[in-house]
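Student: To start, I am sharing the structure in question, which I have written as structure tokens.
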Amino acid sequence: MARSTVLGEVLTQQEESILLDWIDQQVANAATRSELLSRGELQEQSRHFLTLLRQAVREGGVEAGGAAFEPVRRALEELSLERARQGYSPIETAMFVFSLKQPVFFRLRERFGDSPQALADALWECTILLDRLGLITTEAYQRAREQVIVRQQEEMLELSTPVVTLWEGVLALPLIGTLDSARTQVVMENLLERIVATGASLAVIDITGVPTVDTVTAQHLLKTVAAARLMGADCILSGIRPQIAQTIVHLGVDLGDIITKATLADAFAVALKRMGLGVQRLNAPGAKGGRQGQEQNGRDQEERPWNASRS
Amino acid sequence: MERIPILKMGRYLLVTIQVDMHDRLAMTLQDDLTERIVKERAKAVLIDISALEIVDSFIGRMLANIAAMARVLDAQTVVVGMRPAVAITLVELGLSLKGVRTALNVEKGIALLRNSLQDGRDAGA
């Protein structure tokens, strides 16, 4: 305990000068990123950390894993989290702790300059403690980054599985990105929920945005189609690119009796036909033109609201 | 003994399953339904399972069996009102109920039956 008390003494007696040296060290070091962190903030962080460290060393020696170091560890974790979000690299984050070594070692050398044995021991204890704290920052940093990645994955999952209504009773499901089982589950649930909500009897699954289709992906698509059918809705598969058509045949995937179309437009046309609807040109060449034609069209539109115009 | 009621509407039979199916109930339903199809000379059977929250492989197979039996007795079967969770479960179990017709709700189911019976009559005429 004697040596750790030495560290505690050094920290207590020379706290101010250590702090100043440490801040100078950090400012001089490019890793501190003065553009992200002002000197004032840095000073605040450093002072806070040093105070906690001094208290922890006095109470719990140099056991960085001990209960006395709980506040220090928590402060370091918070700092790492914040820096991870601000875009610091792991090295730059860990340098916060490691740059404390030089000022402290300097003070220890001044104190034990005449006794190499005691100096070596004190340095060793101090190094272990600070290394340990440095590793804690790295670990917390990594955890923060992982959280970011998980959140982005979830957001992507949400973003990439919209179900849109093409027409009354016709849903479209534009799939974008690779279809794995987790996504298939989300896609399937979304689609089925929307079928119930809208009472749709047709769903167009568009796989234009799916980069590759292998047997697993095909299996997932077939499952989705089967589930929709159980709910009383038929599915049309569209957006099949030439390479994917080749892959499907080479793999021997049997798409069964699912209607497949090359483009979403084709699938939509089939869907309209199934519903007994059609698309008609408003300014048909046979029309007499002028006002009469427009009136005619106006009436048509009232009778059949599904008229779409192509100009 | 607990039974599932079978309602007659014209030439349709309507079965609404509102309790959780256990195996014996399912077997009883199968017996009752085949007998009623013959007795009422029904042309179609509509099974509403919108109240069913749990469907296991046995019930899934029973639905398929009922449809097959009804077809033998010259009646069509439509299963209506399946919940999303149930549909996903059945698909995961590998039961896609091929050969059973489905519709979103009773109204659509009746429309489907009416259309196909109409077609059948037209073709037969």
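Student: Filter the range B:82-103 for residues that are more than 7 Å from chain A (Cβ to nearest Cβ) and in contact with a helix residue (DSSP H, G or I) (Cβ under 7 Å, 6 or more places away or on another chain) and give the result.
Tutor: If the condition is that a residue be more than 7 Å from chain A (Cβ to nearest Cβ) and in contact with a helix residue (DSSP H, G or I) (Cβ under 7 Å, 6 or more places away or on another chain), then B:Leu93, B:Leu95, B:Gly99, B:Val100, B:Arg101 are the ones that fit.
Student: Hey, another quick one. All but one of (1) closer than 18 Å to A:Leu230 by Cβ; (2) surrounded by fewer than 17 Cβ atoms within 10 Å (Cβ to Cβ) hold for A:Ala182, so report the exception by its number.
Tutor: The failed condition is (1).
This table checks each residue for (1) at positive phi; (2) in the same structural domain as A:Val225 (by TED's automatic domain parsing); (3) in contact with an Asp or Glu (Cβ under 9 Å, 6 or more places away or on another chain).
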residue	(1), (2), (3)
A:Leu108	no, no, no
A:Gly113	no, no, no
A:Asp121	no, no, no
A:Cys126	no, no, no
A:Leu129	no, no, yes
A:Gly134	no, no, no
A:Ala140	no, no, yes
A:Arg143	no, no, yes
A:Glu168	no, yes, no
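Student: Can we say A:Ala271 is without any contact (Cβ under 8 Å) to a residue 60 or more places away in the chain and among the small types (Gly, Ala, Ser)?
Tutor: Answer is no for this residue.
Student: Taking the range A:146-170 as the search range and keeping residues that are in contact (Cβ under 8 Å) with a residue 60 or more places away in the chain and surrounded by 14 or more Cβ atoms within 10 Å (Cβ to Cβ), which one is nearest to the chain's Cα centre (by Cα)?
Tutor: So, considering only residues that are in contact (Cβ under 8 Å) with a residue 60 or more places away in the chain and surrounded by 14 or more Cβ atoms within 10 Å (Cβ to Cβ), the one nearest to the chain's Cα centre (by Cα) is A:Leu166.
Student: Now for a different question. Can you go through A:Ala200, A:Ala271, A:Ala267 and tell me which one is modelled with pLDDT of 90 or more and within 14 Å of chain B (Cβ to nearest Cβ)?
Tutor: Selected residue: A:Ala200, the only one of A:Ala200, A:Ala271, A:Ala267 that is modelled with pLDDT of 90 or more and within 14 Å of chain B (Cβ to nearest Cβ).
Student: If a residue counts only when it is β-branched (Val, Ile, Thr) and surrounded by 19 or more Cβ atoms within 10 Å (Cβ to Cβ), which strands (runs of 3 or more DSSP E) contained entirely in the range B:12-112 have at least 2 such residues?
Tutor: Of the strands (runs of 3 or more DSSP E) lying wholly inside the range B:12-112, those with at least 2 residues that are β-branched (Val, Ile, Thr) and surrounded by 19 or more Cβ atoms within 10 Å (Cβ to Cβ) span B:44-48, B:76-80.
Student: Another question, then. Quick one: how many residues across the range A:229-255 are away from every other protein chain (no Cβ under 14 Å), touching a residue at least 24 places away in the same chain (Cβ under 8 Å) and not hydroxyl-bearing (Ser, Thr, Tyr)?
Tutor: Residues meeting the conditions: 9.
The values are calculated or read from the model by the stated rules, or taken from the named source; none is laboratory data. Since the model is a prediction, treat every value here as computed from it, not as a measurement. Backbone-built Cβ (ideal geometry, glycine too); neighbour counts: all protein chains shown.
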